[in-house]
1. Restricted to region 130-181, and to residues that are of a type in the set (Gly, Ala, Ser) and more than 16 Å from the ligand (Cβ to nearest atom), which residue is modelled with the lowest pLDDT?
2. Among the residues of region 103-124, write down those that are over 18 Å from the mean Cα position of the chain (by Cα) and among the aliphatic types (A, V, I, L, M).
3. Select from region 38-54 the residues that are in contact (Cβ under 8 Å) with a residue 40 or more places away in the chain and either among the acidic types (Asp, Glu) or more than 14 Å from Phe19 (Cβ to Cβ) (or both) and list them in ascending order.
4. Taking the options Leu127, Leu83, Leu79, name whichever one is under 20 Å from the mean Cα position of the chain (by Cα) and modelled with pLDDT of 95 or more.
5. Here is a list of conditions, (1) more than 10 Å from the ligand (Cβ to nearest atom); (2) closer than 30 Å to Met164 by Cβ; (3) in contact with a Phe, Trp or Tyr (Cβ under 8 Å, 6 or more places away or on another chain), and Glu39 meets all of them except one; can you say which number that is?
6. Just the residues that are free of Cβ contacts under 8 Å to residues at least 12 places away in the same chain and within 11 Å of the ligand (Cβ to nearest atom), please, taken from region 60-74.
7. Hey, any hits in region 18-25 for a residue that's without any contact (Cβ under 8 Å) to a residue 40 or more places away in the chain and not small (Gly, Ala, Ser)?
8. Please enumerate the residues belonging to region 83-120 that are within 16 Å of Leu56 (Cβ to Cβ) and surrounded by fewer than 13 Cβ atoms within 10 Å (Cβ to Cβ).
Amino acid sequence: MLTLDLPTQANILGFLALFSYIVTLLPTILRIVFPRTKETGIPQWLLKQRRLTGILAFFFALAHAYLLVIKRNIDFFDLKTFLIYVQGVGTFTIFTLLAITSNDWSVKKLKKNWKQLHKLTYFAMFLLTWHIWDKMSGHWTYLTPVGIVAICGITIVFLIRFWMERQSKQKRSKEKASKEQLPAKVQ
Ligand code: HEM
């Protein structure tokens, strides 16, 4: 039978980092996949708070990783150990890059590259699913099923958003192509 452990402080901090991270993904996903939510004003409000939520996610992740590195005496300079924690380190590196460039100065300096850099947030989604599944395997806490459902749920909705965006892009380029052909037919 599956028994669930009580979460430690480090687990709670990891969960809070996950929760804040998911909140940063919501505005765009809601706008595209659930456009009617715009009427509630929630996506717009979440968008306004996005910078703050992202920075919060970074600090929760920092505290989570710090406690676990101390508790387990993790040495990242040992390649074998590094590979064991590679998903966590990968996600944390992405969170760090995003947190330090979440300001107007970076947006201005990086121009087009800023958007490209911030697309890394979607890669973190896949790394995190792997991280939680791998690290919690065999000793789930009360938070683990909630975390797994949340990260898998947001990943599925993200993939739907991706598919919807591709569909509308294809539709627009088909419309453009048929408009361009029209004058030729008239002649
Ligand atoms: C260097 C970076 C990281 C390290 C070394 C690390 C390490 C770990 C370890 C060892 C566990 C298992 C804890 C246990 O056995 O009770 C864990 C769980 C977890 N980590 Fe990380 N982690 C890192 C980064 C992150 C980041 C960036 C997030 C962001 C959301 C995160 C979220 C979580 C979550 C949600 C859990 C599961 C907690 C639960 O279900 O109770 N971790 N981490």
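1. Ser178
2. Going residue by residue through region 103-124, those that are over 18 Å from the mean Cα position of the chain (by Cα) are 103-113.
The answer is Val107, Leu110.
3. Residues of region 38-54 in contact (Cβ under 8 Å) with a residue 40 or more places away in the chain: 51, 54.
Across region 38-54, the qualifying residue is only Arg51.
4. Details: Leu83 fails: under 20 Å from the mean Cα position of the chain (by Cα); Leu79 fails: under 20 Å from the mean Cα position of the chain (by Cα).
Going through Leu127, Leu83, Leu79 in turn, the sole match is Leu127.
5. The failed condition is (3).
6. The first filter runs over region 60-74 and keeps only residues free of Cβ contacts under 8 Å to residues at least 12 places away in the same chain, leaving 66, 69-70, 72-74.
Tyr66, Val69, Ile70, Arg72, Ile74, listed by residue number.
7. Residues of region 18-25 that are without any contact (Cβ under 8 Å) to a residue 40 or more places away in the chain, as a first pass: 23.
Next, from what is left, pick out any that are not small (Gly, Ala, Ser): 23.
So far as region 18-25 goes, yes, one or more of its residues are without any contact (Cβ under 8 Å) to a residue 40 or more places away in the chain and not small (Gly, Ala, Ser).
8. Result: Ile100, Asn103.
The values are calculated or read from the model by the stated rules, or taken from the named source; none is laboratory data. Fair warning: this is a prediction, and the values are worked out from it, not measured in the lab. Cβ sites come from the backbone with ideal geometry, for glycine too, and all protein chains shown count toward neighbours.
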